[in-house]
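Read the figures in this text as sums done on the coordinates, not as results from a lab. In this text the structure is predicted, and so the values were computed from the model without any measurement. All Cβ positions, glycine included, derive from the backbone under ideal geometry; neighbour counts span all protein chains shown.
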Amino acid sequence: MRRRKKERIIISVFILISLLLFGLVIAFNKVREKTYNMAENQVTSQVTEKNTYKEKSEDTAKRVSFAGVGDNLIHDSIYNAADMRKGVYGDGQYDFDKLYENIKPSLDKYDLRYINQESIVAGDQYGKSNYPLFNTPQAIIPSIEKAGFNIINMANNHSLDRGSQGLVDSIKLWDKTGLCHIGAYESEESRRKPVIIEKKGIKIGLIAYTYGTNGMSPDTPYRIGYLNEKDIRSDIARLRRAGVDFILASAHWGQEGQLAIDSVQMRYAQLFNDLGVDVVLGTHAHRIQKVEWKTNDKGEKTLIYYGTGNFVANMIGAHTYLEGMASFDFVKKGNDKYIDNPKFIPLVCHLEANQYGYDGSVYRLDEYPVELANRHLYMRGAGAYNIELYKNSVNSIVPKEFLE
């Protein structure tokens, strides 16, 4: 009897230890991974345990559509107009919806919608501020969600405008939305975690970098993704180990106001291509720049949008209001994986003086009315001329194969 009792005790202890070890394994895996689940028609996604957005699909030929726009740089004239549109000026209420309402129907056609949130949204406790050290009222976040954007780039030269703590607070604000955000990190652990969107049976890895942060340094090396070969190679290797089908790189690079591609862009475009990145989406120059395919020695192709220009901003000169939207599909059919239907869709940011100050909204260039263009702050009654000038500029910069 004693022997049987002793055996039962030993078996019970063994089972208990096994359960504890199993629990530790599960906990360890949860620490390593973080998941975002994205439903078919869902704008936001619920944060779970793995930087991955998931969705089931039984299609044999799988296709995920993508649209990406440039710099959402909210100057004081823009947030003041949003303030005057809602409530009493200075009461802390804002209506940013108008900025995006005219481009939303175009965005709605895509599964994934990227925006470079260039002016940091650190939180209203920091106060709103303009160039050179931005802070955008956090009321813009629900407007960005409403517009349909579900990928937010945070790696740009204004990331540290409110300091490292401001960037951490911004990350926390975006975390609350459940939207995918890339390029800035609250912890070293989150910096090492691959960001993956899984949709319609396709796994897309995202990486994001900036050339710098206006001479300011973060409190830790892992806070922001900076352009350097070592980190890029490490990040891509992690995504490969995670089994992604595609890799998209966001690159904040180039020279402000320049149409020409500089040496930094050339160097990293080549590196991304050498490492088999599928798409590079460039921002920063505030001007549209060329689009091209690059092919490496293995025959792997990289689609590179060097610059999509601004998205929303108030800058001097009509040329800064010509911008673009990158558009393409990730396609997986059997063992074949490729980028299909790459396009550059010209946009224009309308800005006019009215009872709200300088009021703005983004349009497709082919849907921008001449009568509205005549009221543009920098077109000064020459709407038809500037629209034609914009079209000619696009045709001279972007190869015909990428234009509709």
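The table below gives the values:
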{"quantity": "Sequence of His252, His319, His284 once ranked by neighbouring C-beta atoms within 10 Å, starting from the fewest", "calculated": "His319, His284, His252"}
{"quantity": "Additional length obtainable on full extension of the chain from Glu404 to Lys172, 0.36 nm per residue less Cα span", "calculated": "79.6 nm"}
{"quantity": "Residue-span extension gain [Asn335 to Lys301] - 0.36 nm each, minus C-alpha spacing", "calculated": "10.6 nm"}
{"quantity": "In order through the range 220-229: 3J(HN,Hα) via Karplus (6.51 cos²θ - 1.76 cosθ + 1.60), integer Hz, x for Gly, Pro", "calculated": "9, x, 8, 5, 9, x, 9, 5, 7, 4"}
{"quantity": "Spacing of the two label points (7 Å from each Cα toward its C-beta) at Glu229 and Tyr89, in nm", "calculated": "5.4 nm"}
{"quantity": "Ratio Rg/Rh, restricted to the chain and using Cα atoms, in which Rh is the Kirkwood radius", "calculated": "1.05"}
{"quantity": "Per-residue [θ]222 nm for the chain (sum of -39500 (n - 2.57) over DSSP H runs n ≥ 4, rounded to 500)", "calculated": "-9000 deg cm²/dmol"}
{"quantity": "Residue order, fewest to most surrounding Cβ atoms within 10 angstrom, among Asp366, Asp336", "calculated": "Asp336, Asp366"}
{"quantity": "For a label point 7 Å along the Cα-to-beta-carbon line of Glu292, residues of the range 310-353 with backbone N under 18 Å", "calculated": "342-344"}
{"quantity": "Point-to-point label distance, Met216-Glu371, nm (Cα→Cβ direction, 7 Å offset)", "calculated": "4.5 nm"}
{"quantity": "22 Å Cα-Cα threshold exceeded, pairs from Lys199/Lys298; Lys200/Lys294; Lys337/Lys400; Lys230/Lys337; Lys301/Lys400; Lys203/Lys301", "calculated": "Lys199/Lys298; Lys200/Lys294; Lys337/Lys400; Lys230/Lys337"}
{"quantity": "Cα centroid separation - the range 83-132 against the range 159-238, whole Å", "calculated": "21 Å"}
{"quantity": "Dipole moment magnitude, nearest 20 debye, the chain about Cα centre, only Lys, Arg, Asp, Glu C-beta charged", "calculated": "2440 debye"}
{"quantity": "Fewest-first ranking of His286, His350, using other Cβ atoms within 10 Å as the exposure measure", "calculated": "His350, His286"}
